[in-house]
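The values are calculated or read from the model by the stated rules, or taken from the named source; none is laboratory data. Treat the numbers as computed from the prediction; the structure is a model and nothing was measured. Positions of Cβ are backbone-derived with ideal geometry, glycine not excepted, and every protein chain shown enters the neighbour counts. These area figures cover heavy atoms from the full protein model, side chains too; ligands, DNA and RNA do not enter into them. Shrake-Rupley method; radii C 1.70, N 1.55, O 1.52, S 1.80 Å.
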Amino acid sequence: MTLQDIRYALRQLRKSPGFTLTAVITLALGIGANTAIFTLVHGILLRSLPVADPSQLYRIGDTDDCCVNGGFVGQNGDFDIFSYDLYLHLKNAAPEFEQLAAVQAGQNTFSVRRGEALSKSLRSEYVSGNFFSTLGIGPYAGRVLGESDDAPAAAPVTVLSYSAWQHEFAADPAIVGATISIQARPFTVIGIAPPGFFGDRVTDRPPDFWMPLSSEPYVNGDSAILHHADSNWLYPIGRVRPGTNIAALQTRLSAALRQWLSTRPMYTDNGGSAVIPKQHVVIVPGGGGIQNLQQEAGQGLKMLMILSTVVLLIACANIANLLLARGTARRADIAVRMALGAGRRIVIRQIITESVLLSCIGGLAGLAVAYGGSRTILALAFPDARNLPVDASPSLAVLGFAFLASLVTGVLFGIAPAWMASHAQPAEALRGVNRSTRDRSSLPQKALVVFQAALSLVLLAGAILMTKSLGKLEHQDFGIATTNRYVLHFDPAGAGYTIDRVPALYREIEDRFSALPGVSSVGMALYSPLEGDNWGECVIQQGYPAPGPDSKCGSTWDRVSTHFLDAIGVPIVRGRGFTEQDTQTAPQVVLVNETFAKKFFPNQDAVGKHFGIDETKYSGSFEIAGVFSTLK
Amino acid sequence: MAANDKLIEIEDLTKVFYTDEVETHALSGIHLTISRGEYVAMSGPSGCGKSTLLSILGLLDTPTSGRYRLNGNPVENLSFSDRSRIRNQEIGFIFQSFNLIGDLSVEENVELPLTYRAGMPSAERKKRVKEALDRVNMAHRMRHFPAQLSGGQQQRVAVARALAGSPSILLADEPTGNLDSKNGEAVMHLLADLHREGSTICMVTHDPRFAKHAQREVHLFDGKVVSEVELKKLTEEVEA
Ligand SMILES: Nc1ncnc2c1ncn2[C@@H]1O[C@H](COP(=O)(O)OP(=O)(O)OP(=O)(O)O)[C@@H](O)[C@H]1O
Ligand SMILES: [Mg+2]
């Protein structure tokens, strides 16, 4: 590529501003869309945690089984979530880990207040005492958590994230050493994490503060799971010693897992021993942190990547066609150049210089498109995001990608014109181009139009499919009425209510809300429908044999108030609904949906039947009072 | 010695164009020799094959059959890239419609064939461009673009472009065809001067007045050489 080629190319572009503008806009959109997607791929999928030596980090477990699980987890025996006891067992079995931390799989939203100020709902995460040292993160102010903070009798402490300190505590330096209340329990703020540190995973709501695992019983009281060896709720992530053979470590940890499982009745009972041999762990690189969001977003990003590539290809075909259309005028020039001794290589080089220059200008404009585009996609994908740790501003990698994309694009749409030009006849310089008998450009031009049309069809089909599935989601029938219904979240524990005071509180809330003008029905539930969260339990019918480990005995459950089903517009199809008589002291009754009735009591009336959870001896616990129509 | 003397030797050369199943015999059995330092004019009625012959002489096109030696080397079966290289080094073209590249300045136009020559340093190119433009009295218009020049000036720049590479032969196809008689005369005098300085020239022309500048006039008719006339005496008269 010579300076003269570039000068000449620039003059060509200046000479036909209409064409240049059209091409630059087309390219800006095409390259911009691809760069926007790459920004997200780079910012989310390829993101490393902002910690020391992320490449040394490994996670035990490779999938997402958030948030609390009992019994065998994962598919095909792939264990990815662990109890505290099991985590300690694996930690002892793996000296290859210089440090192995454990982090809470699901995070909580807790009520936090300082002094008499209004309480705030902030994100929290329980982490092991060695969490910060494992990641190599020191404090911005004060100190970070240490092993001693995670000891059973340690004083309750917490570390704030930098952004929570900035936004929730007005960057007050006096917060370090101060006492704040978390779920109505006093905690001492011992330090602030450095700016930019967002924890162990990319999520749309990173933790505002971290608490040691040992404080979980302090917060959760009777329902604490720290010392419940069969409750799996932790992800282990650690730093391996250099030179560690990961495959061998994985094999050994899998053996350690099986050995531990075989000591637990929860896993060995009811034929569970038979499936223990296939239980195992997968060790994956942890430099990017816990990949839950990545695994979720990956599919969508891949789809977007394909679509944007197709868009770019269409843009290429389009511009190649525009270039070919100008071809006749250019051909006279090319013939003269050839007559003066330009070989085919030189001619091709010149044409490619022009197209690459054009695409680089388009790519430059595309950076603006990419910047806006990636922000828009993020805003659409994570509408509730707070402090989303994904940077949409153009980094060096993004600039590099845009440049590379421009280069490839330029070469791509330059190929056809360059091929055409390289087959010009030098003799035309003498004869004049008009003498030429056959119009050579017609064939490639037609081929390009066909190519373009085919790609557009693919794009159209993809867009229709996507719109359809989105439309389906939007208009999906979840079996509940949503019009004029509003969901309100509240957390009595966060406000310091103890369990004995809660029933009265609920009754009062229900009464007061019902009395509000315009409110026609009030129902309460542990989880609202469509929240994407609930508890699951293994159901054991009375008079049936105990289910084996592979049996599909799981069912989700929700604890609701008397009028809850009314409030969400779900009808009872058989039996009765809850009444005021179903109190704590009355026989325990439940309502099940039609799917449950059909699954556990096929070809019979489920009303009046009994079932229990976990163990056969409890199978008489609940009586089915009614069946409601299935909701999701 | 003989090979050194004869720049171009053509024997029994034919060119047939095939278009839409019609055969056009543009050249049928041409014999022609051009010696180093010679000034040859080619004339004949329209369509007799003058431009076709010139394009084969200049390696712009290949003959259908026959032999062509340039500088003693056979060139009728060379590859495209070899022909490009030889064209660049040995041939200087002057076209009827000037064929300057509109988006390049005068200087860049003259430099263009030199940029295709592998390994010529930029300083050497600039020096040659300056010399060639000086030779045709166009150095003062170096930064101009072709559209800003008169036809005569454009053709002088085209001559400079042909000269810059110091070719073995200048090939001109009706170089005055698009010029008025005054400008035409000027270009003819320029060519005559170049010939006197040692250039070998082969020029196609309709105009008998201009043909007189040459040493020899080759008359073509229907793809054949029908007569060759030595005009040395006439040329000497012009010089005198
Ligand atoms: N590319 C081509 N395809 C088909 N026929 C051609 C082609 N080039 C030239 N011819 C034919 O070859 C013959 C000679 O053409 P040429 O251009 O050499 O004539 P000429 O002597 O230069 O004429 P003029 O004085 O009008 O320029 C003509 O009959 C012309 O139609
Ligand atoms: Mg002609």
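Just to check I understand the Karplus step: with θ = phi - 60° and J = 6.51 cos²θ - 1.76 cosθ + 1.60, what whole-Hz values come out for the range A:477-494, glycine and proline as x?
8, 8, x, 10, 8, 10, 5, 6, 9, 10, 10, 10, 9, 9, 9, x, 4, x
Highest mean first, how do A:414-420, A:599-605 rank when packing is the count of other Cβ atoms within 10 Å averaged over residues?
A:414-420, A:599-605
With no solvent and one equal point scatterer placed on each C-alpha of the protein assembly as shown, evaluate the Debye formula and give log10 I(q)/I(0) for q = 0.05, 0.08, 0.10, 0.11 Å⁻¹, two decimals.
Taken in order of the listed q values, log10 I(q)/I(0) reads -0.53, -0.84, -1.11, -1.28.
Could you work out the equivalent-ellipsoid semi-axes for the range A:106-227, taking the square root of 5 times each eigenvalue of the Cα gyration tensor, largest first, in whole Å?
In descending order, the three semi-axes are 19, 17, 14 Å.
Tell me which residues come under 5 Å, amide H to amide H, from B:Met42 once H is placed; ignore anything under 5 positions away on its chain.
Residues meeting the criterion, in which the H sits 1.01 Å from N, are B:Met203, B:Val204, B:Thr205, B:Val218.
Could you give the nm distance between label points at B:His140 and A:Tyr618, where each point is 7 Å from its Cα heading toward the beta carbon?
10.7
Count the DSSP beta bridges whose two residues both fall in chain A, then state the antiparallel fraction as a percent rounded to the nearest 5.
75
Pick from B:Glu217, B:Glu76, B:Glu124 the residue whose mean-square fluctuation is largest in a GNM of chain B, springs joining Cα atoms under 10 Å.
B:Glu124
List every residue whose amide H lies under 5 Å from the amide H of A:Leu57, counting only residues 5 or more places away in sequence or on a different chain, with H placed 1.01 Å from N in the peptide plane.
Residues meeting the criterion, in which the H sits 1.01 Å from N, are A:Gly286, A:Gly287.
Order the following by accessible area, largest value first: B:Glu174, B:Glu197. Probe radius 1.4 Å; ligands, DNA and RNA are ignored.
Largest to smallest exposure gives the sequence B:Glu197, B:Glu174.
Would you list B:Arg135, B:Arg69 from the most to the least accessible area, probe 1.4 Å?
Largest accessible area first, the list is B:Arg69, B:Arg135.
Tell me, what HN-Hα J-couplings in whole Hz come from the Karplus equation 6.51 cos²θ - 1.76 cosθ + 1.60 at θ = phi - 60° for each residue of the range A:207-216, using x for Gly and Pro?
These are the phi-based 3J(HN,Hα) values: x, 8, 7, 10, 10, x, 3, 4, 8, 4 Hz.
Relative to the longest principal axis of chain A, what angle (0 to 90°, nearest 10) does the C-alpha long axis of helix A:84-93 take?
Result, in degrees: 60.
In whole Hz, with x marking every Gly and Pro, tabulate ³J(HN,Hα) for the range A:557-574 from phi via Karplus 6.51 cos²θ - 1.76 cosθ + 1.60, θ = phi - 60°.
9, 9, 9, 10, 8, 3, 9, 4, 4, 4, 4, 9, x, 9, x, 7, 9, 8
What's the percent breakdown of Cα-Cα distances in the range A:493-628 across 5 Å bins, shortest bin first?
Once binned at 5 Å, the Cα pair distances of the range A:493-628 give 2, 9, 16, 20, 20, 16, 9, 6, 2, 1, 0.
Tell me the angle of helix A:344-381 to the major Cα principal axis of chain A, expressed in degrees between 0 and 90 and rounded to the nearest ten.
20
Per residue of A:339-350, how many C-beta atoms from partner chains lie within 10 Å of its own C-beta, taken as a mean?
The shielding value for this peptide is 6.
How tilted is helix B:181-196 with respect to the longest principal axis of chain B? Cα atoms for both, answer in degrees (0 to 90, nearest 10).
So the inclination is approximately 80 degrees.
Name the residues of the range A:495-532 whose amide N is less than 19 Å from a point 7 angstrom out from the Cα of A:Glu580 along the C-beta direction?
Backbone N within reach: A:503-516, A:520-524.
Per-residue mean of other chain beta-carbon atoms within 10 angstrom of the beta-carbon, peptide B:84-91?
Partner-chain Cβ atoms within 10 Å, mean over residues of B:84-91: 4.
Pull up all non-local amide H partners of B:Gly37: gap of 5 or more, or a different chain, and H-to-H distance under 5 Å with H placed in the peptide plane.
B:Thr200
Could you list log10 I(q)/I(0) for the range A:158-299 at q = 0.13, 0.17, 0.19 Å⁻¹, which the Debye formula gives when each Cα is one point scatterer?
The Cα Debye sum returns log10 ratios of -0.86, -1.16, -1.23.
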